[in-house]
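The structure under discussion appears below in the form of structure tokens.
The values are calculated or read from the model by the stated rules, or taken from the named source; none is laboratory data. This one's a predicted model, so the numbers in the text were calculated from it and none came from an experiment. Here the Cβ positions follow ideal geometry from the backbone for every residue, glycine too, while neighbour counts run over all protein chains shown. Accessible surface is based on the protein model in full, side chains and every heavy atom, while ligands, DNA and RNA are left aside. Shrake-Rupley method; radii C 1.70, N 1.55, O 1.52, S 1.80 Å.
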Amino acid sequence: MDENKIPEAWRVLRIQAELVDGIEALAKLGSAVTIFGGARFKPGSHYYEEAQRLGGLLGKEGIPVITGGGPGIMEGANRGCHASASTSVGLNISLPTEQDPNSYLDLSLKFRYFFVRKFMFVKHAVGFVIFPGGYGTLDELFEALTLVQTSKVRPFPIILVGSDYWGGLVDWIQNTMLVNGCIAERELHLFTVVDDAESAAKIILQHARMLQAQEIAE
């Protein structure tokens, strides 16, 4: 049904239902890592392989992986995790050009609303890993940075994979945003750039173990 033709009250109920369904479906998931990246990377490409390797490394350590559930980087990360005993999750979205769930999901959810889906990406995250991608990937990156910057979520690692890909953006952040006073020096440290799955996994696992130690101490 066309969203524009739905009365506002019914739209609110639909949003509420989608939110409740998502929370219930992921209730037992525990801490997870959310992995983003472009849908256009093919199996066998460098970043697809790195995403698959990262999914496997996290999965072997008992950490579930959450992606957008589609092809490309998402499929690679799910594929790596799916080969382990950990849960491979895909949070798909209804789009004009339909995106089919990939074949490596233990749990697949479909959302109508981007903002509900974004909430689910963050709710269980102990880290975000951002592979090369397009507008959607950039959207998720800056959403995560803003949430941590403004202390709306408990701080977690935000890792960019691929210095060649992200180098121009990082230079602009440092030489334009920072120079113009739009961010503070300390906010340059909200993200880390790495070049391989092993480096990303090391940062995530260190953070996850620190959280576990804090929970035991409490």
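Go through segment 86-101 and give me each residue that's of a type outside the set (G, A, S) and at pLDDT below 95.
So the first thing to find is which residues in segment 86-101 are of a type outside the set (G, A, S), and the list is 87, 89, 91-93, 95-101.
Correct list: N92, I93, L95, P96, T97, E98, Q99, D100, P101.
Looking across segment 153-165, the residues that are of a type outside the set (V, I, T) and at pLDDT 95 or above come down to F156, P157, L160, G162, S163, D164, Y165. Screening A77, A17 for residues that are of a type in the set (A, V, I, L, M), closer than 18 Å to M120 by Cα and modelled with pLDDT of 95 or more leaves exactly one candidate, A77. Counting only strands (runs of 3 or more DSSP E) that sit completely within segment 46-148, those holding 2 or more residues that are touching a residue at least 12 places away in the same chain (Cβ under 8 Å), more than 13 Å from the chain's Cα centre (by Cα) and under 20 Å from S31 (Cβ atoms) correspond to 107-111.
Test A200 against the stated conditions and say whether it is in contact with a helix residue (DSSP H, G or I) (Cβ under 7 Å, 6 or more places away or on another chain), part of a helix (DSSP H, G or I) and touching a residue at least 24 places away in the same chain (Cβ under 8 Å). Write out each step before concluding.
Details: in contact with a helix residue (DSSP H, G or I) (Cβ under 7 Å, 6 or more places away or on another chain): yes; part of a helix (DSSP H, G or I): yes; touching a residue at least 24 places away in the same chain (Cβ under 8 Å): yes.
The answer is yes for A200.
In the set (1) touching a Ser or Thr at 6+ places or on another chain (Cβ under 8 Å); (2) open to solvent by 10 Å² or more (accessible area, probe 1.4 Å); (3) within 13 Å of G22 (Cα to Cα); (4) of a type outside the set (F, W, Y), P101 fails one condition alone, (3). Only one of the numbered conditions (1) in a loop (DSSP other than H, G, I, E, B); (2) modelled with pLDDT under 95; (3) of a type in the set (V, I, T) is not met by V12, and that is (1).
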